[in-house]
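The values are calculated or read from the model by the stated rules, or taken from the named source; none is laboratory data. Everything numeric here is computed off the predicted structure, so don't read it as measured data. In this analysis, Cβ positions are derived from the backbone assuming ideal geometry, glycine residues included, and neighbour counts consider all displayed protein chains. Each accessible area value is taken on the protein alone, full model and side chains, heavy atoms only, with ligands, DNA and RNA left out. Shrake-Rupley method; radii C 1.70, N 1.55, O 1.52, S 1.80 Å.
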Amino acid sequence: MSLTSLNQARAVARPTREEMLNRDISVQHFWNQNRDLFESAWAEWQAENEAKLPQLDSSIFDPKLRAAVEQAWADPTAEGAVKNLWEEVFPGVYRAQFFDVERLAALREYLDGVADADIPLRPPYGIVLNRGGAMLDPRSEGYLAAPGFQGFYREMMDAYMRPVSRLLFPDVVGYDTQTFGFSIRWQASKDTSLRPHSDASAVTLNINLNLPGEGYSGSAVSFIDPVSRRVEKLTFEPGTALIHHGSVPHASEPITEGERYNFVLWLYGQHGQIPHDGIPTPQISAKDRWSVPTEEFDNFAPF
Ligand SMILES: O=C(O)CCC(=O)C(=O)O
Ligand SMILES: [Fe+2]
């Protein structure tokens with residue numbers, strides 16, 4: 001009897017945390033050699049669980065944001081309503097309700113199902129290893145390849161993140177064709193904090209996934225204004241998002257109790273290009289802001 005992809009994927013010997021932290025070459029081989037196997041395993045997992053998995057569709061987005069975004073796709077001259085939903089809460093950092101608080105439980109239930117699938121998933125290790133997280137973009141080894149999730153991820157990037165980024169940060173136009181993303185789970189006494197850094201992205205969207213009442217202590221994201229040197233700790237309500245140029249310095253403060261879940265999504269140009277100060281800002285029409293680039297995805301992944 002031949003094993004299904006799902007059973008094969010579950011049975012593969014996995015790299016250790018040590019090997020991952022040391023960026024051992026065997027770890028990269030592991031993900032590359034098993035790429036096709038894990039992709040089929042995720043497809044099988046989805047087929048097996050279709051009936052009990054929550055649907056990830058547009059109803060996950062906050063109704064006000066969704067209505068404004070859908071209106072802007074239908075008529076780009078109405079894009080101002082999308083921009084108005086974002087409040088500048090720190091120089092260059094904007095906040096909005098991104099996911100519907102009422103639908104967050106469905107998204108989290110889906111992600112719990114993913115964790116229970118027992119298919120190897122590569123945790124993000126950009127600066128530190130975050131054990132509870134996963135890589136989301138197909139360019140990443142060991143990414144969350146379930147087709148249902150991928151459809152949702154693509155909608156989030158193409159229909160929401162890119163046009164919002166172009167509206168708020170006109171200089172990123174042209175540096176926004178490529179997508180990248182990961183999820184994080186900050187846990188007291190496990191993976192707790194991240195030192196001050198900037199992201200290798202043109203734009204970063206950080207969306208909180210905590211359920212109402214699912215509290216935690218600490219774990220603010222501190223932003224540093226390079227002009228005034230002012231530092232401010234920003235916190236997230238369930239389903240809210242912050243968006244900023246990757247270049248704005250920030251840090252994750254230690255979590256001391258509970259857990260904080262989020263998606264961190266990046267846009268950048270081909271081969272990881274990002275805009276630099278002093279480049280002329282391209283002037284594009286509203287219609288062009290609400291469009292999906294035709295450039296192919298390259299394979300560049302920053303980590
Ligand atoms: O703690 C956060 O939400 C921010 C994480 C972050 O800055 C990063 O992963 O680059
Ligand atoms: Fe960051």
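Values computed for the structure shown
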quantity: Label zone at Glu214, where the point sits 7 Å out along the Cα-to-Cβ direction: segment 253-270 residues whose backbone N lies under 17 Å; calculated: 255-264
quantity: Ordering of 172-185, 201-214, 50-63, 8-21 by burial proxy (mean other Cβ atoms within 10 Å per residue, highest first); calculated: 172-185, 201-214, 50-63, 8-21
quantity: Apportionment of accessible area to carbon and sulfur, segment 98-224, percent (1.4 Å); calculated: 50 percent
quantity: Acute angle (nearest 10 degrees) that the helix 63-74 long axis makes with the longest principal axis of the chain, alpha-carbon atoms; calculated: 70 degrees
quantity: Value at 222 nm in deg cm²/dmol, rounded to 500, when DSSP H runs of n ≥ 4 in the chain each add -39,500 (n - 2.57); calculated: -7500 deg cm²/dmol
quantity: Rounded percent of accessible protein surface that carbon and sulfur make up, segment 14-78, 1.4 Å probe; calculated: 49 percent
quantity: Largest to smallest accessible area among Ile279, Ile119 [probe 1.4 Å]; calculated: Ile279, Ile119
quantity: Ser222 versus Asn299: modelled label distance in nm, points set 7 Å from Cα along the beta carbon direction; calculated: 4.0 nm
quantity: Gyration tensor (Cα) of segment 145-219, equivalent ellipsoid semi-axes in angstrom; calculated: 26, 18, 12
quantity: Spherically averaged projected area of segment 194-289 from its Cα convex hull (nm²); calculated: 8.1 nm²
quantity: Per residue solvent-accessible surface (Å²) - segment 54-289, probe of 1.4 Å; calculated: 39 Å²
quantity: Computed over segment 54-289, Kirkwood Rh from alpha-carbon pairs, angstrom; calculated: 18.2 Å
